[in-house]
Structure formats: structure tokens, C-alpha cells
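The values are calculated or read from the model by the stated rules, or taken from the named source; none is laboratory data. Bear in mind the structure is a predicted one, so any value in this text is a computation, not a measurement. Here Cβ is always computed from backbone atoms with ideal geometry, including for glycine, and neighbour counts include all displayed protein chains. The accessibility values were calculated without ligands, DNA or RNA, using every heavy atom of the protein model including side chains. Shrake-Rupley method; radii C 1.70, N 1.55, O 1.52, S 1.80 Å.
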Amino acid sequence: LPFIKAMGYDAVWITPPVHNQCVNPYIKTKGFHGYWAYDFTAVDPHFGTLADYKAFVAEAHRLGLKVVQDIVVNHTGNFFTVDAAGFDPARPELNWKLADGALMAPKDPVFGLNDPNNPEHKRAAVYNFTPNIADFKSREQTLTWSMGDLDDVNLTSPLAVKRFKEVYKFWIDEAGVDAFRVDTVYYTPEEFYERFLHDDDGIKPHAARRGKKDFFVFGEVWSYDVKAINA
């Protein structure tokens, strides 16, 4: 941190520190980068403990550095898969199965509701229970289908919105972070952010009540100009 400060920077932006699914069985790849969440409110053991994270943020603040935490609202890790062949949106349980070698579900009271064969889970509709995106030109698919077999969260579900508010207020309260960078914004519905950020119980009012009146949130849209590339 002193080295970063000496270079003239005034903030650090870190990967999601949450407990990650260590192996994605769909692509048979290991990772501890935080984008395949298993537990949204725990620090990944590869990084250390919550106490370590608090100490990191405290030291950054002592040096005059802000801390930006990367966050994910589009998906969890890969705990189930939905086959595309014969997929029926009304009956996703017919094509649903646990991913090979995966844990049963995220460790979470809401995002653990991931089995449409269970009537309670299906009614909760926390997930979209959809196959992998087949047509990236289809806005319906990019918003509601899975990518890389990561389990797509239904951000129109009041239960999912409420839980994400709780999750990310936790990191403001416990670690004292100063900003969020939101992953994969293009794949999420725009209206979600009005509720997530600006409801009375949303992220920005909550941060302001904690003395962070200028809490900053920005998001990722990864795109490119095909014509320019081919020119």
C-alpha cells in the first residue's frame, strides 16, 4: 500500500474478496478470483480472514487511499446446469441438474434456493433456471440466460434484490469500503440498479448513513467495435 500511495494513486480496486467456488465444473478451471461466489458474506480462505480484510482497508484509509470492492450481482458460481435441448421456461426442472462435481448450492439463505424441483425454490424464483446463452444478439437471453454456465440470478425477484442489498451493505459495515465496481452490468436489467442503489434501504442511502455521502458505484460493459477491428 505505501508503494501504491507513493506512485500517486488515491484508490485501490480489488477483485471480489468473497468465498469463491474453487473449481468451475463446466469449464474445468480452478479460480479464487471471487467471480464464482459460494458465500457472498465471507472472505475467501485463499485471501485470509475478515479481520485481514478489515486491517487492509484500515491501513489504506490511514494512507489516504480509498478502497473499491468489485461486486457481482449477475450470477453465483456454477452449482447447476440447464440443458438447452427441449428447454421449457415453464418447466425448467425437466432440464435442470447439478453440475458435475459441484457443491449442492451456495452457502446463503436466499441463493441456496437453487433447485426448481423443490416447489419452495421454484416459487422463490431467485434464479432464472435457464440454459447458456446461445444468441448474444437476443436481449432476452443476455439478460436472463446463463453465461459460462454460471447460475443466473433473477434480478426482478424482490427476494434477490433484498438479499443483494443485505450482502453489499454488509461489506460497507464490516470492512468500511468506499466504492463498488459492478461486474457484468450489460447482462443485468437496468431497473435493478434504481432499487439496489437508491431505495430507502438501498446502498447509497445506507452508505450515507454510515458517513460515506459520496459512495461511488460504477459498472462494467465490455464491448468492442467489430467494424473498427476488421478495418
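Structure data summary
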{"read-out": "Candidate set: the stretch 78-94, residues that are without any contact (Cβ under 8 Å) to a residue 12 or more places away in the chain and part of a loop (DSSP other than H, G, I, E, B); chosen: the one nearest to N118 (Cα to Cα)", "value": "R91"}
{"read-out": "Positions within the stretch 57-77 being charged (D, E, K, R) and not in a strand (DSSP E or B), in sequence order", "value": "E59, R62"}
{"read-out": "Subset of the stretch 111-140 (residues that are in a loop (DSSP other than H, G, I, E, B), of a type in the set (F, W, Y) and open to solvent by less than 20 Å² (accessible area, probe 1.4 Å))", "value": "F111, F129"}
{"read-out": "Filter result for H46 (over 18 Å from the mean Cα position of the chain (by Cα), surrounded by fewer than 18 Cβ atoms within 10 Å (Cβ to Cβ) and not in a helix (DSSP H, G or I))", "value": "yes"}
{"read-out": "Helices (runs of 4 or more DSSP H) fully within the stretch 141-231 counting 3 or more residues that are closer than 21 Å to G34 by Cα, in contact with a Lys or Arg (Cβ under 8 Å, 6 or more places away or on another chain) and open to solvent by less than 20 Å² (accessible area, probe 1.4 Å)", "value": "158-175"}
{"read-out": "Pairs, first on the phi < 0 side of the Ramachandran plot in the stretch 183-209, second of a type in the set (D, E) and open to solvent by less than 30 Å² (accessible area, probe 1.4 Å), C-beta under 7 Å, six or more apart", "value": "D183/D70"}
